[in-house]
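The values are calculated or read from the model by the stated rules, or taken from the named source; none is laboratory data. In this text, all values refer to a predicted model and were calculated from it rather than measured experimentally. Because the Cβ atoms are built from the backbone with ideal geometry, glycine has one as well, and the counts that use them run over all protein chains shown. The protein model used for the area step is the full one, side chains on, heavy atoms only, and it has no ligands, DNA or RNA in it. Shrake-Rupley method; radii C 1.70, N 1.55, O 1.52, S 1.80 Å.
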Amino acid sequence: MAQKLMAYHTVEEQHRSALEPVHGLAHIIESTDLVEESSVDAAQSTTSRKHLLLFGGLGVLSLFAFLLSLSWSSVPIPILQVLAALVGGEVERESWRTIVMDIRLPRVLTAIAVGIGLGLSGLQMQTLFRNPLASPFTLGVTSGASLGVALVVIVGSPWAAVTVGYGALGGGLLGNLGTVAGAALGAFAVLVIMLAVAARVQDMTTVLLLGVVIGALVSAVVTVLVYFADEQRTREFVEWGFGSFHKVRWDEIPFFLTVVGVGAVIATFATKYLNALLLGENYAQSMGLNIKRARLIIMSSAALMAGAVVAYAGPIGFLGIAIPHLARGLFGTSDHRILVPASVWIGIVLALACGILAEMPSSSLNLPINAATSLFGAPVALWVLLRARRGGWL
């Protein structure tokens, strides 16, 4: 009996010694998993702090650019006097209050709406088409708006009456400018065509090419109209094509900001669609995403904002390409939950900076806003092309 007990204890000790390395390995693996989880949590925490700091910095820059835009122009006004005028306090010269509130503030609010609208619509178009050089005007919205304006400014007659009447229906919302109504109608017509195409065509490359073709066709019609127009009307159309932050009146600001705001809200709720589309439509569809609905929502949001910008400020180029890439490069992510608000803040800063540059401070000269945006945006587009050749865009 004693020998059996001794043999049993011996076998038990052998099993225990054999299992010790396994338990040790399990402990090591468990410890490693904990270290990896803690490392991931630490990295995410660091990234979150970095993003918060970047958003805070962009907020400060936006405020600075806002005040500088109201202060620094052909008539310099001290920033403290600008703040007094904004809050209804006393200013040294009553003319400064008029300049700030009636002339510069509508221009600055227009620039903010343009930056938000073009930044978000450009981000959506680049993700939807998976093309780093896609822009808010890829859908042909600019060409449609240009045709509407050309019909009003150059052709005039019945079209002018229709568009002015359409604008008058909106009262203070749309204003009574025929160019605004013509641009809105032209952009809307092209949008309807592109949405119909996107609902029936599966390949987004085909949709992109059709947008380019429709844009070229509409631009050809505009070119013919300009060729046969008289000098005065041609000049008016060309000046509209330069783009401007100055032409939006106070009674038009609420409608402009509302349209851009609605587009921005749609873009915010579409972040899940945009993130899913990063991996391709086939993968997104396998995850249960309704591709047609996602396309229509994203394209409607982008076209709504781009159409409003073109209608009120003209066909402003390069911002829609540059802003999303600056957001990706600055925040180092392709997550649209970060990129959407980042594009908003960067769009505000960049549009206000372009407005300051176009104003030619301490001078009575004003550059076309498209010249200023090209000075900022063209280098970014060049950088994107060079990175795309290396396969390096986010």
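Laid out as a table, the results:
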read-out: Accessible-area order (highest first, 1.4 angstrom probe) of the listed residues Glu236, Glu359; value: Glu236, Glu359
read-out: Derived scalar couplings ³J(HN,Hα) [the stretch 90-103; Karplus, 6.51 cos²θ - 1.76 cosθ + 1.60; whole Hz; x for Gly, Pro]; value: 7, 10, 5, 10, 5, 5, 5, 4, 5, 5, 5, 7, 9, 10
read-out: Per-pair calculated FRET efficiency, R0 = 41 Å: Arg49 and Ile79 via Cβ, rounded to 0.05; value: 0.85
read-out: Length added when fully stretched, Tyr283-Ile193, from 0.36 nm per residue minus Cα-Cα; value: 29.7 nm
read-out: Stretchable slack from Asp230 to Asp335, in nm (0.36 nm times residue separation minus alpha-carbon distance); value: 32.7 nm
read-out: Efficiency of FRET between Ser95 and Val155 - r from beta-carbon atoms, R0 45 angstrom, step 0.05; value: 0.65
read-out: For the stretch 135-141, 3J(HN,Hα) per residue [Karplus equation, 6.51 cos²θ - 1.76 cosθ + 1.60, θ = phi - 60°, Hz, x = Gly/Pro]; value: 9, x, 9, 4, 6, x, 4
read-out: For the stretch 205-220, 3J(HN,Hα) per residue [Karplus equation, 6.51 cos²θ - 1.76 cosθ + 1.60, θ = phi - 60°, Hz, x = Gly/Pro]; value: 5, 5, 4, 4, 5, 5, x, 5, 5, 4, x, 5, 5, 5, 4, 5
read-out: Inter-site label distance for Asp203 and Trp383 at 7 Å from Cα along Cβ, in nm; value: 3.4 nm
read-out: Linear extension gain, Lys292 paired with Val213, 0.36 nm per residue minus alpha-carbon span; value: 26.3 nm
read-out: FRET efficiency, 1/(1 + (r/R0)^6) with R0 30 Å, evaluated for Lys272 and Thr223 via beta carbons; value: 0.10
